Amino acid sequence: SQTIHQWPATLVQPVGSPLSLECTVEGTSNPNLYWYRQAAGRGLQLLFYSIGIGQISSEVPQNLSASRPQDRQFILSSKKLLLSDSGFYLCAWNWRGEGYGYTFGSGTRLTVV
Amino acid sequence: GENVEQHPSTLSVQEGDSAVIKCTYSDSASNYFPWYKQELGKRPQLIIDIRSNVGEKKDQRIAVTLNKTAKHFSLHITETQPEDSAVYFCAASGESGYSTLTFGKGTMLLVSP
């Protein structure tokens, strides 16, 4: 069976500090991978998605970046965090093609202080 | 691109009542419509989905209906229980050939004992 791991679970970082969140999927190959952000009490905002190694599509041009160095690894980064970067970050995966729902990771709650 | 509208934003019902959440979408090429349940502080989880070649799908107390002509779909929960309290998100697939989902803004369902 497939599993998705996301860490860390919680993170408190000062403004201007760097960020690295990691997500890995086990039990499948060539997954589509996604990063979403959810502000408190709000909806799901797509940040990045990837259909393969080194292939990243950005939906939100902010001070965040994503990388996919391996088939089942997806990393969300920032060089300098802003207060507005606080939120609940969710990694997700699904199979290629049409009509497959996402499986979400357990999420990282980021607080920028 | 795809746009998904979800109503209502909050819904309060008494235990045992039915709850209905409605979504409309804009892209007539969309063909996959999942629903997610997110409990407080947790990840969204897929609870039911429907494809464009089906008008209705049931799974115990939950059901989803789809009207492709009108471009709307609905989640129906019967005999609601307090553990049904959560935020529910509808979603629609994007352009044909892509796997990215567009989410509605969510409905907070509160079931009172």
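What the table below lists for this structure:
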item	result
Straight-distance crosslink candidates among lysines, where the alpha carbon sits under 28 Å from A:Lys80 and sequence neighbours closer than 8 are dropped	B:Lys42
Where labels lie 7 Å past Cα in the beta-carbon direction, separation of A:Ser58 and B:Asp17 in nm	4.6 nm
Within the protein assembly as shown: Cβ-based charge dipole about Cα centre, in debye rounded to nearest 20 (Lys, Arg +1; Asp, Glu -1)	400 debye
Percent antiparallel among DSSP beta bridges (both partners in chain A, rounded to 5)	90 percent
Neighbour-count order for B:Tyr32, A:Tyr102, B:Tyr88, fewest beta carbons within 10 angstrom listed first	B:Tyr32, B:Tyr88, A:Tyr102
Gap separating the Cα centres of the stretch B:43-82 and the stretch A:51-68, nearest whole Å	32 Å
Rel. contact order, % - alpha carbon contacts under 8 angstrom, at least six apart, chain A	36 percent
Simple label model, 7 Å out from Cα along Cβ direction - A:Ser29 to A:Val15, nm	4.8 nm
Fraction of antiparallel bridges per DSSP, chain B only, in percent to nearest 5	90 percent
Within straight-line cross-link reach of B:Lys58, lysines at Cα separation under 24 Å, skipping those fewer than 8 residues along the same chain	B:Lys22, B:Lys37, B:Lys68, B:Lys71, B:Lys105
Calculated P(r) of chain B - Cα pairs past 23 Å, %	23 percent
3J(HN,Hα) from dihedral phi, the stretch A:41-55, Karplus parametrisation 6.51/-1.76/1.60, rounded to Hz, x for glycine, proline	x, 10, x, 9, 9, 6, 9, 8, 9, 9, 9, x, 4, x, 9
Label point distance in nm, B:Lys42-B:Val54, each placed 7 Å from Cα along Cα→Cβ	2.3 nm
Shielding by other protein chains, A:12-18, mean Cβ within 10 Å	0
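None of the figures in this text is laboratory data; all of them are computed from the coordinates on show. Only a predicted model underlies this, so the values are computations on that prediction, with no experimental measurement involved. All Cβ positions, even for glycine, are placed from backbone atoms using ideal geometry, and neighbour counts span all protein chains on display.
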